[in-house]
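First the structure, in the form of structure tokens, and then the observations on it.
Read-outs throughout are calculated quantities, based only on the coordinates presented, and are distinct from any laboratory measurement. From a predicted model like this one, the values you see are computed outputs, not experimental measurements. Cβ placement follows ideal geometry from the backbone for every residue including glycine, while neighbour counts extend to all protein chains displayed.
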Amino acid sequence: MGIKTKKVVLLTGASTGLGLSIAKKLLKEDFFLVLTSRGSSLGRFGENGISASDKVWIRELDVTNNDQRVDLILEINQRLGGVDILINNAGFTFRSVLEHVQEEERIQQMNTNFRGPMELIRLVLPLMRGKRSGQIINISSVGGMMAMPTMSIYSASKWALEGATESLWYEVKPWNINVTLIQPGFINSDSFMHVRNTKKSSLSQRGKDTYQNHYLNMASFVEKLMKLSPSNADDVANKTVKIIKMKRPPLRAAGTIDAHIFSLIRRILPRRLYHFILYYTLPGIRTWGKK
Ligand SMILES: NC(=O)c1ccc[n+]([C@@H]2O[C@H](COP(=O)([O-])OP(=O)(O)OC[C@H]3O[C@@H](n4cnc5c(N)ncnc54)[C@H](OP(=O)(O)O)[C@@H]3O)[C@@H](O)[C@H]2O)c1
């Protein structure tokens, strides 16, 4: 079967974690896959038994790199006739209270989780509109609907992604282009080990600092919730494939069981009560601010 007869899927951050799980599920389907990762992570595809073939391209793509974004979309447009399904999965998390995020880090977080996906969408839309079909899936987070302490800039990046994606849903519907935000909650995985510290949050955790208890309590809390989560990356990947196959995919979809619960709590509780309950259930909250 010629490659042009298959729908072309472009997936970012595909060499590990959720991206790798999605890639493995999609390999079993009848798609042409363009699997991407940063140059330093490309070797992981081979380690996981994934190699280039007549239905798989493996390409370097740092989503924050404009030249790489433009060159890749140009190559896909010229050789494969455009992207049919874009999955913006690449992302990372800074653990830091707001006071410890400096401008450079703020830009880095927004560039990866928000601006990179936006630019990719901008580049794929002209051909999707021309074909009057296409699908865009943005991997958001429960952090995009409920903000937690020490995750201010991560939440900001996902809230930005949520807002822009919701606008996009209205904008491109007339061209039959489907747009979905998948919101995973805590995924049972080791991805908490990839959480990065800002310069100041790193220093704060090492020495005596007024925010030290925020970090110590939140880091172990998040790790515990991830280990206890009944949903793993394969569950979120299955959900992603299910959404690709839907005739009318939803704008928002919970990616994990806890995401359904968080979404319900967020919708039914009055705001003040919700914030009050969340505050008093934060781990070690009575010790925060005591140093
Ligand atoms: N794990 C969770 O519990 C959870 C919960 C909610 C939402 N999410 C979201 O799910 C998505 C995947 O996260 P994950 O859990 O699979 O985390 P992960 O295991 O840390 O994987 C993140 C992926 O994003 C890639 N990435 C980071 N910066 C990039 C850049 N500038 N350009 C291209 N790729 C880049 C990483 O590549 P490298 O290996 O090269 O760094 C890696 O492949 C993210 O958007 C995350 O926010 C995860």
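Overview of results
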{"read-out": "Cα principal axis extents for segment 55-144, largest first, Å", "value": "46, 26, 23"}
{"read-out": "Value of relative contact order over segment 109-217, rounded to a whole percent, pairs C-alpha under 8 Å and six or more apart", "value": "30 percent"}
{"read-out": "Fluctuation leader among ILE182, ILE87, ILE244 - the chain, Gaussian network, Cα springs under 10 angstrom", "value": "ILE244"}
{"read-out": "Relative contact order (%) - criterion: Cα under 8 Å, at least six apart; region: the chain", "value": "18 percent"}
{"read-out": "J(HN,Hα) series, segment 116-127, from Karplus relation 6.51 cos²θ - 1.76 cosθ + 1.60, nearest Hz, glycine and proline x", "value": "x, x, 4, 5, 4, 4, 4, 6, 8, 4, x, 6"}
{"read-out": "Over 18 Å between alpha carbons, listed pairs LYS24/LYS245; LYS28/LYS239; LYS173/LYS247; LYS200/LYS224; LYS7/LYS131", "value": "LYS200/LYS224"}
{"read-out": "Placed amide H near TRP57: partners under 5 Å, 5+ positions off or other chain", "value": "LEU33, VAL34, LEU35"}
{"read-out": "Long-range HN-HN contacts of ARG252 with modeled amide H, under 5 Å", "value": "LEU181"}
{"read-out": "Check: the chain dipole with +1 on Lys, Arg Cβ and -1 on Asp, Glu Cβ, in debye", "value": "740 debye"}
{"read-out": "Residue-by-residue Karplus 3J(HN,Hα) for segment 192-202, coefficients 6.51, -1.76, 1.60, Hz, glycine and proline x", "value": "5, 6, 8, 4, 9, 9, 7, 4, 6, 5, 5"}
{"read-out": "Top of TYR170, TYR274, TYR215 by mean-square fluctuation, Gaussian network on the chain, Cα under 10 Å", "value": "TYR274"}
{"read-out": "For the chain, average projected area of the Cα convex hull in nm²", "value": "15.7 nm²"}
{"read-out": "Calculated [θ] (222 nm, deg cm²/dmol) that DSSP helices of n ≥ 4 give over the chain, each run adding -39,500 (n - 2.57)", "value": "-15000 deg cm²/dmol"}
{"read-out": "log10 of Debye I(q)/I(0), alpha-carbon scatterers only, for segment 110-255 at 0.16, 0.17 Å⁻¹", "value": "-0.92, -1.01"}
